[in-house]
Amino acid sequence: MMGNWIIAPVVLPAFLAPLIVLWMRFDLRTQRIFSIAGMVSLLAVALALAASASVNAPEVYKLGNWEAPFGIVLVLDRLSALMLVLTAALGLAVALYAIGSGWDKRGWHFHSLLQFQMMGINGAFLTGDAFNLFVFFEVLLIASYGLMIHSGGEKRLKAGVQYVVYNLAGSTLFLFALGTIYSVTGTVNMADLAQKVAMMPADETALVRVGAVLLMLVFAVKAALVPFQFWLPATYVNAPGPVAALFAIMTKVGVYAIVRIYTLVFPADGITGALAADVLLPAAAVSLTIGMIGVLGARDLGRVVAYAVIGSVGTMMLAFSQFSEAATGAGLYYMVHSTLAAAALFLIVDLVKERRGPTGLAIVPAGRTYSHGLLSAMFFAGAIAMAGMPPLSGFLGKLMILDALRGQWGLWALVLVTSLIAIVGFGRAGSTVFWKAYAIEGEPAPAPRDASAPGLAFTAAGALLAGLVAMTVFAGPLSDWLKATAAQLHHPQAYISAVMDGAYERAMEAQAEGQNGSGHSAEVTDDHAAPEPHIATEAEVQDEAKDTGHEPATAPAAAH
Amino acid sequence: MEALVASAVGVMTAAGIYLILRMRTFPVVLGMSMLSYAVNIFLFASGRLAVNLPPILDHAGAETQGYTDPIPQALVLTAIVISFGMTAVVVMLALGSFVEAGNDRIDLDEEEAGQ
């Protein structure tokens, strides 16, 4: 049992980020040390939480010790633990790369924004409250706005404005969805929502269905599912390299939210029925097609990877839209794989861009770059993984997804044909940029001037590739673990009872103690405005009923 | 009153959507503000409309007088703070992009957009 450690992935970066801004703003070296130390400890905490979650039932951390659904809870289960580990590993690689490539020198506050970003992402993965999910989305978005325009420049700022406006519109939609759901159910706690939605009469679900679809649209914007993918290519291409790599986890925040909400609150066997699957499946199929065609049609390397991200989101959503245990397990494996592969490719592409000078990332033959052979090999490995060719984990992931889709031969054809298109697309881009360079006479270009520690940058990108190799080697144990995760997702009763069982009785006891002057409420140190009114209404509504009975008991105590 | 609130939300949402589809940053920022006003009022209404009632249950009067649901007010408070901050961010970004690019068009040309 992890107890208070559950909140560490949120609190640790939340402390570090302001410290980095306020104490170390003029000293890049200390900033770097603290940023790396923060990422390493975050990874250690995340691994410990994952070890605990893999043997224990879902565990609940009550913010300010307010019982659910009156207060906000964080819930640690296998899925959130998995996402925490993935985030921390990616964060560490990105921080190392930013230091090695000198990106953190090219503008202010890179490391503190990175820590705020980690705080938002970790919080979004941990929270068990839908409104709190909105708040953490905003935290991670506002940090990502800063990171996106890091070191400025005309194109980056213009793409940044579009990115911000697109996501602000998404946030507004999120609030509309939450308002709709709250007006029907009277709660925003996910476990409580699951219970309340399950109890609704089948002919009164119109509004809650509207809310469910609105939420799906919001998460589709985050996940860059077609038709909400327009923000992604311009954002990822114009963002600094390490930031684009970090954004590989941002689309997965949307995917995570879809998986969480539509297995817990609106499961396929609940009152909303196959609503989510009906919406998701076509969107996933079109995303996959458009993404992979984009890989083939893109005119620069960055866009090749950006479109591959859209395609990979489509692939994993094909699996998740089945809402079966086997398919969800396969989808989770592919999700971990594609996050690492996309991040590795964005870092490699950034290394290429640094070394190619004025040609930039355009897919045209140009002279050899500094350390050309190593970069070619790394791009080759990343492309194999992303396109899903053997021997790396992309192949295994697609194989598992195909296995789970057995019988739906149309989807098989789609996955296989789009994989072929992606292979052709990556092959065309890679052979033009890396292979044809040997046909051009002359010495390789000199080393780039700015890279402060190129070895570290290569190590960071290589570490992500090594992660892919590890995923391939340990595919057996990993996929068993993910199958158990999928089983936990599709039997949400454990999650719900971890949050809700006995919560009401404990809240009543705390209430009674509070009235006797033992001062429960004085201890509350909550960081969010919402929970306090929760207590004021619902606890007291119930209390009102019992009130006449309690009055004689409390009166003597008050008289003292 | 329901009709008034509902039409206010509807009109502001329509105006907001029209404005965020404009080509220049200033109308887009205005449109985002309109949309956040609309959603704030919508969130208020999600707790049912009640006038002149306390957001707290007191032991004496709750059953006779009724009360108004305080949770949406807390949600709206959070939403207002966040949308205020976000508007400030988008204004600064739009200014920065205007200074760098010399125009305030929000669309990207073909090369920038990655088509």
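What 222 nm value per residue comes from the helices of chain B, counting each DSSP H run with n ≥ 4 as -39,500 (n - 2.57) and dividing by all residues, nearest 500 deg cm²/dmol?
Working: 5 runs with 79 residues, N = 115.
Helices in chain B give a 222 nm mean residue ellipticity of -22500 deg cm²/dmol.
Using a probe radius of 1.4 Å on heavy atoms only, what accessible surface per residue do you get for chain A? Whole Å² is fine.
Working: 19580 Å² over 560 residues.
In whole numbers, chain A has 35 Å² accessible per residue.
Take each of the peptides A:219-225, A:10-16, average the number of other beta-carbon atoms within 10 Å over its residues, and list them starting from the highest. Don't skip to the answer; put the middle values down first.
On the way: A:219-225: 25.6, A:10-16: 20.6.
Top to bottom by mean Cβ count within 10 Å: A:219-225, A:10-16.
Would you mind computing, in nm to one decimal, how far apart the modelled labels at A:Ala51 and A:Gln493 are, each placed 7 Å from Cα along Cα→Cβ?
3.1 nm
Based on the mean of other beta carbon atoms within 10 Å per residue, what is the order of A:228-234, A:406-412, A:382-388, A:269-275, most packed first? It would help to have the intermediate numbers written out before the result.
On the way: A:228-234: 21.7, A:406-412: 12.1, A:382-388: 26.9, A:269-275: 16.3.
Ranking, from highest mean packing down: A:382-388, A:228-234, A:269-275, A:406-412.
How much mean residue ellipticity at 222 nm does chain A get from its helices, if each DSSP H run of length 4 or more adds -39500 (n - 2.57) and you divide by all residues, to the nearest 500 deg cm²/dmol? Kindly include the intermediate steps, with their values, before the conclusion.
Details: 22 runs with 401 residues, N = 560.
Roughly -24500 deg cm²/dmol at 222 nm, from the helical runs in chain A.
Peptide B:25-32: average number of partner chain Cβ atoms within 10 Å per residue? Don't jump to the answer; show the numbers that get you there.
Details: counts 4, 0, 0, 6, 3, 0, 3, 6.
Going residue by residue through B:25-32 and averaging, the value is 3.
Summarise the accessible area of the protein assembly as shown (1.4 Å probe, protein heavy atoms) by the percent that is carbon and sulfur.
On the way: 17320 of 25980 Å².
That fraction is 67 percent.
List nothing, just return the count: lysine pairs in the protein assembly as shown, 8 or more apart or interchain, with Cα separation under 20 Å.
9
Just to be sure I understand: with springs between alpha-carbon atoms less than 10 Å apart, which residue in B:Phe42, B:Phe26, B:Phe98 has the highest mean-square fluctuation in the Gaussian network model of chain B?
Comparing B:Phe42, B:Phe26, B:Phe98 in a Gaussian network model of chain B, the most mobile one is B:Phe98.
How high is the relative contact order of chain A, given as a whole-number percent (alpha carbon pairs under 8 Å, six or more residues apart)? If you can, show how the numbers build up before the last one.
Working: 864 pairs, mean separation 96.6, N = 560.
Result for chain A is 17 percent.
List the pair-distance distribution P(r) of the protein assembly as shown, using every Cα-Cα distance, as the percent of pairs falling in each 10 Å bin from 0 up to the bin containing the longest distance, rounded to whole percents.
Per 10 Å bin, starting at 0, the Cα pair percentages come out as 3, 15, 26, 26, 18, 8, 3, 1, 0, 0.
Would you kindly state how much longer the chain becomes between A:Glu154 and A:Val213 on full extension, computed as 0.36 nm times their sequence separation minus their alpha carbon distance, in nm to one decimal? Spell out each step's value before the answer.
Numbers: separation 59, 0.36 × 59 = 21.24 nm, distance 3.68 nm.
Here the segment from A:Glu154 to A:Val213 would lengthen by 17.6 nm.
In whole angstrom, note down how far apart the Cα centers of the stretch A:20-65 and the stretch B:9-51 are.
37 Å
Take every residue in peptide B:13-22, count the Cβ atoms of other chains within 10 Å of its Cβ, and give the average of those counts.
Numbers: counts 2, 0, 0, 2, 2, 0, 0, 5, 0, 0.
Counting Cβ atoms of other protein chains within 10 Å of each residue's Cβ and averaging gives 1.
Enter the buried accessible area of the A/B pair, total of both sides, probe 1.4 Å, in Å² rounded to the nearest 100. If you can, show how the numbers build up before the last one.
Details: alone 21670 and 8580 Å², together 25980 Å².
Roughly 4300 Å².
Which whole-number percent gives the relative contact order of the stretch B:2-113, counting Cα pairs below 8 Å spaced six or more residues apart? Write down the numbers at each step before the final one.
Values: 100 pairs, mean separation 29.0, N = 112.
It rounds to 26 percent for the stretch B:2-113.
Could you tell me the relative contact order of the stretch A:118-215? Use alpha-carbon pairs under 8 Å, at least six residues apart, and round to a whole percent.
Normalised by residue count, the contact order of the stretch A:118-215 is 29 percent.
Just to be sure I understand the model, the point goes 7 Å from the Cα along the line to the Cβ. What's the resulting A:Glu204 to A:Leu416 distance in nm?
Going by the 7 Å Cα→Cβ label model, 5.1 nm.
Just how far, in whole angstrom, is the stretch A:369-398 from the stretch A:325-341 if you go by their alpha carbon centroids?
18 Å
Partner chain Cβ atoms within 10 Å, averaged over the residues of B:66-73 - can you pull that number for me?
On the way: counts 0, 4, 1, 6, 7, 14, 5, 3.
For peptide B:66-73, the averaged partner shielding equals 5.
In what sequence, largest accessible area first, do A:Trp66, A:Trp23, A:Trp5 appear using a 1.4 Å probe? Write down the numbers at each step before the final one.
Working: A:Trp66 25, A:Trp23 200, A:Trp5 145 Å².
The most accessible residue leads, giving A:Trp23, A:Trp5, A:Trp66.
Within 14 Å, Cβ to Cβ, of A:Leu420, how many net charges do the neighbouring residues add up to if Lys/Arg are +1 and Asp/Glu are -1?
Details: positive: A:Lys398, A:Arg428; negative: none.
Here the count lands on +2.
Sort B:80-89, A:121-130 by the packing proxy (mean of other Cβ within 10 Å over each peptide's residues), most packed first. Walk me through the intermediate numbers first.
Numbers: B:80-89: 15.9, A:121-130: 27.5.
Highest to lowest by the protection proxy: A:121-130, B:80-89.
Taking the full set of protein chains and a 1.4 angstrom probe, give the accessible area of A:His490 in square angstrom, rounded to the nearest 10.
Looks like 50 Å² after rounding.
The values are calculated or read from the model by the stated rules, or taken from the named source; none is laboratory data. If you're wondering where the values come from, they're calculated on a predicted model, not measured in any experiment. Cβ: placed from backbone, ideal geometry, glycine included. Neighbour counts: every protein chain shown. In case anyone asks, the SASA skips ligands and DNA or RNA and just uses the protein heavy atoms, side chains included. Shrake-Rupley method; radii C 1.70, N 1.55, O 1.52, S 1.80 Å.
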